[in-house]
Amino acid sequence: MGMEQTMPDLGNLSEQRQPLECRVALVSNDRDLSSNWVSALNTTAAQHENPYGLRFESVTTVALEKLLREEDRLQALIIDAGCSPDELKDAEVLADRMHDLRAQLNVFLVAQDSFLNDQGGAPASVRKRFDELFDRREGNFNHMFRLVQAFIARRASTPFADTLKEYVFSARDAWHTPGHSGGDSLRNSPWVGDFYRFMGEHVFNTDLSVSVQVLDSLLEPHSVIQEAQDLAAQAFGAEHTFFLTNGTSTANKVVIQQILGGGGKIIVDQACHKSVHHAIVMNRVEPVYLKSTLHPQFGIYGPVCRADIEQALDAHPDAGLLVITSCTYDGLRYDLKPIIDYAHERGVKVLIDEAWYAHGYFHTELRPTALECGADYVTQSTHKMLSAFSQASMIHVQDPDFDEFRFRENLNMYASTSPQYSMIASLDVARKQMVMEGYGRLRHCLQMVETLRREVDATGVFRALTREDLIPAPLANDNIRLDPTKVTIDVTASGYSGKEIQVKLFDQFGIQVEKTTYNTVTVLVTLGSTESKLLRLVHALKQLARQPRKRSHAGTARQLPEFTHLNCLPADAYFAETEELPLMDNGVAAEKKLVGRTCADEIVPYPPGIPVLVPGQQISAQIVQFLQQLLQGQNATEIHGLIFRSDEPMLRVVCNEDKASAKSANAGGKKKA
C-alpha cells in the first residue's frame with residue numbers, strides 16, 4: 001500500500017504553516033561568477049520541485065561572518081576557491097571558520113580541476129571539509145540544484161520518525177504487545193476511556209514493540225534506528241551516537257561499565273550525578289573523589305578546581321577514567337580542553353556528563369562542547385534542554401580505542417527490551433530541529449535571556465546573578481564559563497527564601513521554576529520559552545517586588561560537611577552485612593553510636609542532590625550534625641538513602657568493619673578488566 005493511499009491529506013495544514021525557506025549563499029569575490037550562478041540557480045529552483053524553499057544569493061568573503069551570525073534561515077554555503085592553489089587554501093581556512101560559527105550547515109566547494117592531485121582525486125583535506133565539489137566551468141545547474149537540495153533533505157530527514165508515522169497510518173491490525181493494542185483496550189471503556197481521550201490517539205498507536213520489524217531494534221539496530229543514530233552522530237560531532245530511552249542515568253552506567261567493568265579506579269567529582277556513584281557500586285570500582293567548590297553566599301555547588309583534578313591524575317596513574325559534569329545544574333562549565341588533554345597524556349579516558357548541555361554545539365556563544373575538546377565519551381539528556389521526551393538521552397563516542405561490540409552488549413545489559421518508540425522518534429525529531437533551526441532558536445533564547453536579566457535587575461529587589469557572582473573564589477583562574485540559558489535569581493532582598501518565592505510564583509501566578517536554594521530560584525530558558533511566558537514571569541517578579549518586605553529569615557547556606565575517607569570499597573560496604581542505627585535519637589546519643597562507623601548507603605539531600613555520604617565512607621560528627629539539621633524544622637529537606645522505621649530515620653552501617661576493610665584491601669589490588 002503506497003504512501004499516497006495511507007497518509008492523510010495534509011494539504012490544508014501545510015497551507016497554514018509558514019512555508020520553508022532555505023537560503024544558500026554563494027561565497028565569492030568574483031562578481032561575474034556570483035551573478036551568473038545565482039541567477040541560474042534561482043531560475044532552476046523556480047522550475048523544479050522545491051519543497052524546502054531553496055533560495056540562492058551571493059555574498060563576499062568579507063560579509064560572510066555577518067551573514068552567518070544573523071541569518072537563521074541559512075542552510076548551505078557554496079565557497080568559490082578561485083583558480084589558484086593559494087585560493088584553495090584560503091577556501092579551506094574559510095570553511096573551518098564557518099564550521100566554528102555554524103557547524104550544521106552544508107558546505108560545497110567550487111574550484112578548477114587544478115585542486116586534483118596526481119591520483120585524480122581531491123586532497124583529503126578538501127574531502128574532509130566539503131560535502132561536494134563543483135567545477136568552476138559547471139554548466140549543469142539542474143544537477144547542482146538537485147545535489148544541494150539532496151544534502152539539505154538528508155539533514156532534514158527523520159528516518160525513524162517517518163517510518164513510525166507511516167506504519168501508524170497504514171492501520172495494521174495488532175496481534176502483538178503491548179496489550180492495549182493501539183489504545184483499543186481503553187477507547188470505549190466506561191472506566192478508563194477518559195484517559196484515552198486525555199492522552200490522545202497517537203500516544204497509544206505509536207506505542208509499539210519489537211514485533212514490528214520495519215521499525216528496527218534499538219538493541220541491535222540495522223536500518224532506520226541506525227540511520228537516525230548516524231545522523232545524530234553527524235549532528236553532534238561524534239564518531240558514534242547511541243539512543244537511550246531510560247535517561248542519562250543509564251548512559252553514565254553504561255560508559256563506566258565499558259571502561260571499568262569488573263573493577264578499576266575512577267577519578268570523579270564528589271558532586272557528580274548519583275548514577276555515577278551507583279555505577280561505582282555496581283562495577284566494584286575504586287573511587288578517587290574530587291571535592292567540588294561551594295559558593296557559600298548562594299549555596300551553589302560548582303566545578304572542581306583544575307589544580308585538584310591534575311593533582312589527582314598525577315597521584316593515581318593507575319586510574320582508568322575521569323568523570324566530570326559540565327555544565328553543572330546551575331550552568332557552570334569547565335574549560336575542558338586542558339583538563340582532557342592532561343588526562344589523555346596520562347592514558348586516562350574521559351567521560352563528560354553533559355546532561356544539561358545538549359544544546360551547546362548549536363550556537364557559537366555556547367561552544368566548545370566536550371566532544372570538541374576531545375572527550376572520549378559524552379552523555380546528554382536530550383530531553384532537558386531540547387525537544388525530546390523525558391528520559392530520551394544519547395551517548396556520544398569518539399574514543400579511539402572504542403570496542404563497539406562490547407559497548408553494545410554493555411548497553412543491552414541496562415536497556416529495556418521493550419523501548420518506548422515515540423521516545424526514539426522524539427530523539428530523531430529533536431536532532432532534526434537542532435540541525436535545521438537550532439542556531440536561530442538558540443539565538444532567540446539568548447535574546448530572551450538578556451531581556452529577562454535586564455527586567456529582573458530593574459525590579460530593584462531581585463537580581464539575576466552573573467558569571468562573576470556564581471563562580472566561587474577558588475575557581476577564579478580556571479576560566480569557568482556560564483551557560484546563559486540557566487538564569488539564577490537572588491531573592492535575598494525580598495526577605496523571602498528561595499522556597500517561599502517558588503511557592504508564591506506557583507500559587508499566585510501559575511509559574512513553576514526549575515530549582516531553588518535557600519536564597520535563589522533558577523529558571524531555564526529553553527527552545528520552548530516564549531515571549532508570553534517571559535512577559536508573565538517578569539510581571540510576576542515585578543508584582544512580588546512591590547509587596548511589603550518581610551524580615552529575612554532565609555538564613556545562611558549549610559556548609560556541606562567535609563568528605564572523610566573510605567574505609568572500604570563502596571561495593572563492599574553496600575553488599576556487606578549491615579545494621580540500622582537511629583540518626584536522631586536525642587542527637588548526642590545518635591552521634592556517639594554513628595561516629596566512626598562505615599556507611600553502607602548513598603545519602604543524598606535534595607536539593608541540590610550531592611551526596612553527604614557514599615557507601616564505604618566513614619561517618620563523622622560533622623556529617624551526623626548536618627543531617628540532623630536538615631531533618632529538623634518545618635522545612636525539612638528530602639534526603640534519599642535514609643531508612644525510616646516507624647517514622648524514625650535510620651542509617652545503614654557495616655556490621656563487621658574489619659572484614660569489610662580486609663575484603664576491600666584484597667579487591668583494591670585487582671587489576672581492571
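Reported to the nearest whole Å, the Cα centre-to-centre distance from segment 214-230 to segment 74-92 is 36.
Each part gets one Cα centre, and for segment 442-461 versus segment 33-62 those centres are 38 Å apart. Separation of segment 349-367 and segment 400-428, taken as the distance between their Cα centroids, equals 20 angstrom. Working note: Debye formula, equal point scatterers on the alpha-carbon atoms of segment 459-603, no solvent; log10 I(q)/I(0) at q = 0.09, 0.10, 0.15 Å⁻¹ is -0.48, -0.58, -0.91.
Carbon and sulfur: what percent of segment 292-333's accessible surface (1.4 Å probe)? Can you show the working numbers first?
Details: 640 of 1250 Å².
The computed percentage sits at 51.
Relative contact order for segment 452-524: 29 percent, from Cα pairs under 8 Å spaced at least 6 residues apart, divided by residue count. A DSSP coil position with no more than 16 other Cβ atoms inside 10 Å describes the following GluC sites (Glu not before Pro) in segment 153-260: Glu239. Short-range pairs are left out: with C-alpha atoms under 8 Å and at least six residues apart, the relative contact order of the chain is 11 percent.
Would you compute the Debye intensity of segment 324-469 from its alpha-carbon atoms alone, equal scatterers and no solvent, and pass along log10 I(q)/I(0) at q = 0.10, 0.11, 0.12 Å⁻¹ to two decimals? Debye curve over Cα of segment 324-469, log10 I(q)/I(0) at q = 0.10, 0.11, 0.12 Å⁻¹: -0.44, -0.53, -0.62. Note on Lys593: aspartates and glutamates with a C-alpha under 13 Å away, same-chain residues under 8 apart excluded, are Glu579, Glu580, Asp585. Rounded to the nearest 0.05, what FRET efficiency is calculated for Thr60 and Asp318 with R0 set to 51 Å and r the Cβ-Cβ distance? FRET efficiency, Thr60 to Asp318: 0.35.
Using only Cα atoms, tell me the angle between helix 421-458 and the longest principal axis of the chain; keep it within 0 to 90° and round to the nearest 10. Its long axis makes an angle of about 70 degrees.
I'm checking a number: the convex hull volume of the Cα atoms of segment 423-470, normalised per residue, in Å³. What is it? Write out the running numbers ahead of the final one.
Numbers: hull volume 5.5 nm³, N = 48.
Residue-normalised Cα hull volume stands at 115 Å³.
For a test of the definition: using alpha carbon positions, the gyration tensor, and the 1.5 limit on a/c, classify segment 559-601 as rounded, prolate or oblate.
Oblate shape, in that a/c is at least 1.5 and b/c is the bigger or equal ratio.
The length gained on full extension between Ser185 and His640, counted as 0.36 nm times the residue separation minus their Cα-Cα distance, comes to 160.0 nm.
Restricting to the chain, what percent of DSSP beta bridges are antiparallel, rounded to 5? Could the numbers behind the result be given before it?
Values: 37 of 74 bridges.
If I count the DSSP bridges inside the chain, around 50 percent turn out antiparallel.
Entry comment: accessible area of segment 223-368 is 28 Å² per residue, from protein heavy atoms only and a probe of 1.4 Å.
Here the relative contact order of segment 319-427, from alpha carbon pairs under 8 Å that lie six or more residues apart, stands at 21 percent.
Taking segment 144-210, which chymotrypsin sites (Phe, Trp or Tyr not before Pro) meet the DSSP loop condition and have no more than 15 other C-beta atoms within 10 Å?
The qualifying sites are Trp175, Trp191.
The calculated FRET efficiency for the pair Asp647 and Arg172, based on their C-beta separation and a Förster distance of 35 Å, comes to about 0.10.
So what's the net charge close to Asp490: Lys and Arg +1, Asp and Glu -1, counting the other residues with Cβ under 9 Å from its Cβ? Don't skip to the end; give the middle numbers.
Numbers: positive: Arg463; negative: Asp469.
Once all neighbours under 9 Å are counted, the net charge is 0.
The values are calculated or read from the model by the stated rules, or taken from the named source; none is laboratory data. These numbers were taken from a predicted model, which means no experiment stands behind them. Reconstructed Cβ throughout: ideal geometry from the backbone, glycine too, with neighbour counts over all protein chains shown. Note: accessible area is taken over every heavy atom of the protein model, side chains too, but ligands, DNA and RNA are not part of it. Shrake-Rupley method; radii C 1.70, N 1.55, O 1.52, S 1.80 Å.
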